Amino acid sequence: MDVSQRLVSLDVFRGATIAAMILVNNPGSWDHVYSQLRHAEWHGWTFTDWIFPFFLFIMGVAMTFSFHRRIQQGHSRSRLLIHALKRSVILFLLGLFINGFPFGLISGHEFSLASWRIPGVLQRIAACYLAVSFIFLYSMIIHQKIKGWQSIAGKDSKLKSLLSPLTPALRPLLPAKAQRTRAVWCQ
C-alpha cells in the first residue's frame, strides 16, 4: 500500500496502544505497581482494561479499509471470508502456542492441559475478527444508515447540511449500485 494512502492517525493509535500494552505487561517491579497498570479486580476500570478494546477498535477500522480495497480489486465476499477464516485460525493457534509455551521443554516449566488457557487474548481477537468479517461482508448496515439519514433529514435543510459531509465519507464503502441510488441524496 502506498504510504500516502495510509490512515496516519490509526497507525499512531496502533503504535501508542502497543506501547501501552508493553507498559502494562512489564511495569518494572511487580512488587510496586501503579494501580492503573493492573487490571481491575472485578468491578471498575483501569488504564490496563482499555488495551484490549483499543486493539479491537483498531482491527475494526483497518478491516473496513482492507475489505473495501480488496472488493474494489475484484475479490469476492466468499474469498474474503475464507481469508478471514484462515487469519482467525492462525491467530487462534498462535494464542494457544503462546499460552502453552514452553510446553515443558525447559526445566522448571511444566505443561498441563488442565492449566492451558484456551480463551486467551489472541483467541478472543480471532473470534471477534471472524465474527466482524462476516457481519461486514454480509450485512447491509451501511445501506440502512444512509437510507435512515435520508428519511430523517427529509426536507429539513439544517439537518441535511449537517449530515451531508458524512455521505461522501461513506460513499467509497458502498457498492456502485448503492452509490448511484442512495448516496446521492444530499446533492
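A short reminder: the numbers here are calculations on the coordinates, not readings from a lab. What you see is a predicted model; the values in this text were computed from it and never measured. For neighbour counting, all protein chains shown are included, and Cβ atoms are generated from backbone atoms with ideal geometry for every residue, glycine included.
Can you report the number of residues in the range 70-114 which are out of contact with any Lys or Arg (no Cβ under 8 Å at 6 or more places or on another chain) and either touching a residue at least 40 places away in the same chain (Cβ under 8 Å) or outside any helix (DSSP H, G or I) (or both)?
Total satisfying the criteria: 22.
If GLY95 meets every condition in (1) out of contact with any Gly (no Cβ under 7 Å at 6 or more places or on another chain); (2) under 30 Å from PHE136 (Cα atoms) apart from one, which number is that one?
Status for GLY95: all satisfied but (1).
Matching residues to (1) among the aromatic types (Phe, Trp, Tyr); (2) over 18 Å from VAL132 (Cα atoms); (3) surrounded by 15 or more Cβ atoms within 10 Å (Cβ to Cβ); (4) in contact with a Leu (Cβ under 9 Å, 6 or more places away or on another chain):
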| position | (1), (2), (3), (4) |
| --- | --- |
| LEU7 | no, yes, no, no |
| HIS43 | no, yes, no, no |
| THR48 | no, yes, yes, yes |
| ILE58 | no, no, yes, yes |
| ARG87 | no, no, no, yes |
